[in-house]
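Report on the following structure.
Taken together, the values in this text are just the output of simple stated rules run on the coordinates, not laboratory data. Everything numeric in this text was worked out from a predicted model, so none of it was measured. Glycine also receives a Cβ, built like all others from the backbone with ideal geometry; neighbour counts cover every protein chain displayed.
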């Protein structure tokens, strides 16, 4: 496109340059977010779309565009791209397992169980161990607190969260809190490896 600037669609060329400058500024301003939040890259798609559209229009004006060889090359590029995206998606969704909590809550049975104990969806809970921002809270359907950014809770931290409104402690894996489990008192109930305490 830069080499054949005046041969392409002028309107699309101006939009592409405008989007390129905007995307570069956006990338510089929000660089750190791209490390773990890939959905921030969605605005870049406009740049890709207009760039590809303008390039296709430019190529279509050349005499050799309709040749068999060009069509074969474009088809092969499409096949390679589909395979590449499939691999990228696999890696992306495999990374979702970085939080062990996903496996613990996979059967959704725990949410039904805690409702039988009288824990309403409005009750604040402490859900540990869970170092994600809120995966267990979302799956259980309750507001509350996880270990995100703080690490394992001590008894003092649990009491602080109780003062902040937490009514129940959902201990998703009791082995992770062996050092304080005896000091938590009698559990309200248990589901598989999960133990529930009323605070």
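Just checking my list [x] 17.3, 67; [y] 16.0, 52; [z] 26.5, 81 against Rg and Dmax of the Cα atoms in Å computed from this structure; which label fits? This structure yields the entry labelled [z]. Expressed per residue, the C-alpha convex hull volume of segment 110-199 stands at 85 Å³. Rounded to the nearest 500, what is the chain's calculated 222 nm mean residue ellipticity when only DSSP H runs of at least 4 contribute -39500 (n - 2.57) each, over all residues? Dividing the helical sum by the residues of the chain leaves -14500 deg cm²/dmol. In the elastic network of the chain, a GNM with C-alpha springs shorter than 10 Å, the most mobile of 110, 155, 12 is 12. As a proxy for reagent exposure, ranking 44, 34, 11 by other Cβ atoms within 10 Å from fewest up yields 11, 34, 44. Let's test this: bin the Cα-Cα distances of segment 10-97 at 5 Å from zero up to the farthest pair and state each bin's percent. Histogram of Cα-Cα distances, whole percents per bin: 3, 11, 14, 16, 17, 18, 12, 6, 3, 0, 0. Legend: ranking of residues 160, 182, 147, 111 from fewest to most surrounding C-beta atoms inside 10 Å; resulting order 182, 160, 111, 147. Sorting 25-31, 187-193 by average packing, meaning the other beta carbons within 10 Å per residue, from highest down gives 187-193, 25-31. Comparing 46, 166, 176 in a Gaussian network model of the chain (Cα springs below 10 Å), the most mobile by mean-square fluctuation is 46.
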